[in-house]
Amino acid sequence: MSKIKVITVLLGAIMLFTIMTKERDSNSLHIKLHSDATILAFGDSITYGFGVAEEDSYPAQLQKRTGIRVINGGVSGEESSEGLERLPKLLEQKPDLVILCHGGNDIIRKRSDEKLKTNLTKMVEIIKASGAEVLLVGVPNFGLLGFSTHSIYAEVAKETEVFFEEDVLSKVLSNNELKIDYIHPNAKGYKIIVDAVVKYLKTVE
């Protein structure tokens, strides 16, 4: 085989590999769900929709937006240790995706960061063991100087290799027009959370 043919074959192989890699990377950015799938939104008062009408909570808005069934698994005031105990029962409903947004009460009440990380990690492991995908939503480290996502969430997402929405909750809670009080979004704020979540979803036949 001549050098030109060898080079042509190599270039062809490189181009094919590049195309396949790009396609694989593109697919890895999305959580694929069938139209008859079930999503479990799991968390505390932010998931529950404290202070807004039931239809304005982010799980209700997400269901309306996507047409996919969304279970609201939020409990106001719950800490991560309580959520960890409650989660297995909800997983019996066989969700295809769990949106995990938990730990805000631990942070506000200044519970152990190490314990929060352990609880979040265990939640992710339990969810993955059930066969569901996980989208972890970062929670702010509520402080006097504003809202920035607690570093624990990026660590958990990286170590457990799950989808991670890092910024939306911090951005919403940094804007007084998007919340009803210091820590709870209003209907507009929840809509922005839904906007961020749907970017990760891809409905397939």
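Bear in mind these aren't lab numbers, they're just calculated from the coordinates by the rules spelled out. This one's a predicted model, so the numbers in the text were calculated from it and none came from an experiment. Glycine also receives a Cβ, built like all others from the backbone with ideal geometry; neighbour counts cover every protein chain displayed.
Miscellaneous remarks
- Which of Val134, Val75 has the fewest Cβ neighbours within 10 Å, and the rest in rising order: Val75, Val134
- Taking 7 Å steps out from each Cα toward its Cβ at Ala154 and Arg111 produces label points 2.4 nm apart.
- Grouping the Cα pair distances of the stretch 31-204 into 5 Å bins from zero gives a pair-distance distribution of 1, 9, 19, 24, 23, 16, 7, 1, 0 percent in increasing distance order.
- Spin-label pair Tyr182-Glu54: with each label point 7 Å from Cα along the Cα-Cβ axis, the two points sit 3.0 nm from one another.
- Over 25 Å between alpha carbons, listed pairs Lys128/Lys199; Lys122/Lys171; Lys64/Lys115: Lys122/Lys171; Lys64/Lys115
- The Cβ shell under 13 Å around Leu135 holds other residues with a net charge of -1, Lys and Arg each +1, Asp and Glu each -1.
- Measuring between their Cα centroids, the stretch 110-125 and the stretch 136-167 lie 12 Å from each other.
- The local environment of Thr66, defined by Cβ-Cβ distances under 14 Å, has a net charge of +4 under the rule Lys, Arg +1 and Asp, Glu -1.
- Packing-based exposure ordering (other Cβ within 10 Å, fewest first) of Leu178, Leu29, Leu40: Leu29, Leu178, Leu40
- Once each of the trypsin sites (Lys or Arg not before Pro) sitting in a DSSP loop with at most 13 other beta-carbon atoms within 10 Å is removed, the chain keeps 1-108 as its longest stretch.
- Taking the three principal axes of the alpha carbon atoms in the stretch 155-195, the coordinate ranges are 34, 19, 11 Å, sorted in descending order.
- In the chain, Cα pairs under 8 Å separated by at least six residues give a relative contact order of 23 percent.
- Relative to the longest principal axis of the Cα atoms of the chain, helix 151-160 runs at roughly 50 degrees.
- Burial ordering of Val162, Val198, fewest other beta-carbon atoms within 10 Å first: Val198, Val162
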